[in-house]
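The values are calculated or read from the model by the stated rules, or taken from the named source; none is laboratory data. All figures in this text were calculated on a predicted structure; none of them were measured in a lab. Neighbour counts are summed over all protein chains in view; Cβ atoms, including those assigned to glycine, are modelled from backbone coordinates with ideal geometry. Each accessible area value is taken on the protein alone, full model and side chains, heavy atoms only, with ligands, DNA and RNA left out. Shrake-Rupley method; radii C 1.70, N 1.55, O 1.52, S 1.80 Å.
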Amino acid sequence: MVGAGFAGVECVRRLERKLAPDEADVTLVTPFSYQLYLPLLPQVASGVLTPQSIAVSLRRSRKYRTRIIPGGAIGVDLKSKVCVIRTITDQIVNEPYDYIVLAPGSITRTFDIPGLTEHAFGMKTLAEAAYIRDHVISQLDLADASDDPAERASRLQFVVVGGGYAGTETAACLQRLTHAAVKRYPRIDPSLIKWHLIDIAPKLMPELGDKLGRSAQEILRRRGIEISLGVSLDKAGANEVTFTDGRVVPTRTLIWTAGVAASPLMSTLGAETVRGRLAVTAEMNLPGNDGVFALGDAAAVPDKAKGDEAAVCPPTAQHAMRQGKHVADNVIATLRGRPLEPYVHKDLGLVVDLGGTDAVSKPLGIELRGLPAQAVARGYHWSALRTNVAKARVMTNWTLNALAGDDFVRTGFQARKPATLKDFEYTDAYLSPEQVREQVESAQHRHP
């Protein structure tokens with residue numbers, strides 16, 4: 001099993017429950033022995049939740065018997081049935097398999113924009129969320145200590161690129177953080193703090209529909225967030241960014257959330273892909289390769305519920321979790337010589353938590369705003385957490401934050417050397433199909 005996201009963990013847990021100990025050995029490849037609840041990352045960045053509360057340990061299960069290899073898969077040789085792994089100590093390991101389930105997830109999608117990877121921060125990992133919180137608070141600290149108007153202006157303006165769920169929630173949650181924190185900084189004029197949310201699309205979160213999308217925009221604009229649609233980033237520098245409409249904004253904080261791309265692991269197989277996602281059947285297996293399954297963000301799983309032959313399942317948590325259970329059942333069916341079942345799931349709706357009492361939700365097509373939407377959003381996230389310990393931590397954090405607020409302290413992640421997109425996602429670690437074959441063959445020669 002490759003990947004410990006929503007899809008991977010649901011698959012592994014179901015395999016542990018349904019397979020007898022002597023029926024199969026289960027191995028999981030992941031850099032960290034926890035499942036990250038990604039939708040709540042903006043709340044970690046804003047300090048509403050602690051990092052530990054959304055990192056759900058993989059070793060708490062009473063039926064835990066999975067061998068975990070701490071590292072990342074960087075190549076798969078389908079012919080030799082070998083998965084090439086780079087461990088967290090940079091050791092290259094060839095791991096043979098009989099059946100392999102690929103759920104490596106996605107990476108932040110970037111474009112060839114000058115200065116982007118050198119100056120932008122992402123919101124894809126727990127470390128990035130914790131780092132961004134430290135960074136934003138440090139900008140307030142430094143602006144408060146500075147007497148230079150130009151420096152203050154650049155430290156008190158914040159730019160978020162990406163008007164999807166991640167970008168909108170990130171901008172909303174961090175704006176609440178700075179709005180509350182500035183009260184502790186008497187030397188800072190609150191009107192100098194400006195948040196910009198930009199997206200090349202003509203609408204904010206178009207999946208919500210026109211009415212809810214407009215409601216979300218109204219909420220953000222009421223808070224003072226400047227929203228620019230049909231606009232993207234032209235170039236980024238250390239102290240300013242330039243938008244494609246020609247505007248230059250002085251800023252030391254550029255947060256890039258403009259979509260995701262499938263893990264580069266899928267390109268190492270030499271198999272057909274759809275926009276980087278591995279092309280699989282509705283049963284989530286790779287055509288022509290028995291025992292190879294793929295799911296989640298990195299697989300183009302046909303969306304049978306839509307009735308459109310070309311439709312593929314969107315990269316959302318609700319699909320990934322259900323695909324994980326379903327692919328586990330198909331793996332077990334393969335082991336036991338039973339027929340595979342196609343994956344079919346109708347989308348249950350969307351929830352967007354904008355912080356405080358602000359939210360918009362669309363459960364089962366019903367449009368909600370304000371407190372009812374917030375109750376649905378938090379109720380959904382809370383129920384989706386896998387363990388009771390995680391649920392207790394999150395509920396305690398929510399309650400404590402609502403009653404006592406935040407102390408706005410930095411935890412030390414903000415080091416003297418900035419860490420940006422290129423430092424958190426190891427996209428240069430993957431091998432080409434030819435390099436995978438060379439790695440496997442050289443290992444076979446050394447150990448015939």
The residue from Thr281, Thr268, Thr244 that alone is open to solvent by less than 20 Å² (accessible area, probe 1.4 Å) and over 22 Å from Leu192 (Cα atoms) is Thr268
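Table: residues versus (1) farther than 15 Å from Leu49 by Cβ; (2) in a loop (DSSP other than H, G, I, E, B).
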residue	(1), (2)
Ile332	yes, no
Pro339	yes, yes
Thr357	yes, yes
Val376	yes, no
Met395	no, no
Thr411	no, yes
Ala419	yes, yes
Gln435	yes, no
Ala443	yes, no
Looking only at the stretch 81-100, decide whether some residue is in contact with a Gly (Cβ under 7 Å, 6 or more places away or on another chain) and aromatic (Phe, Trp, Tyr). yes
Of all residues in the stretch 81-132, which are open to solvent by 40 Å² or more (accessible area, probe 1.4 Å) and among the small types (Gly, Ala, Ser)? Ala127
Leu350 versus (1) in a helix (DSSP H, G or I); (2) within 22 Å of Ile54 (Cα to Cα); (3) open to solvent by 30 Å² or more (accessible area, probe 1.4 Å): which is the lone unmet condition? (1)
Criterion (at pLDDT below 90 and either open to solvent by 80 Å² or more (accessible area, probe 1.4 Å) or under 20 Å from Ala180 (Cα atoms) (or both)) met by exactly one of Arg386, Arg416: Arg416
For the structure I just gave you, tell me whether Val274 is open to solvent by 30 Å² or more (accessible area, probe 1.4 Å), out of contact with any Gly (no Cβ under 9 Å at 6 or more places or on another chain), under 25 Å from Gly122 (Cα atoms) and aliphatic (A, V, I, L, M). yes
Which of the residues spanning the stretch 308-330 are part of a loop (DSSP other than H, G, I, E, B) and crowded, with 17+ Cβ neighbours inside 10 Å? Cys313, Pro315, Thr316
Tell me, which residue of the stretch 259-307 that is in a helix (DSSP H, G or I) and basic (Lys, Arg) is modelled with the lowest pLDDT? Lys306
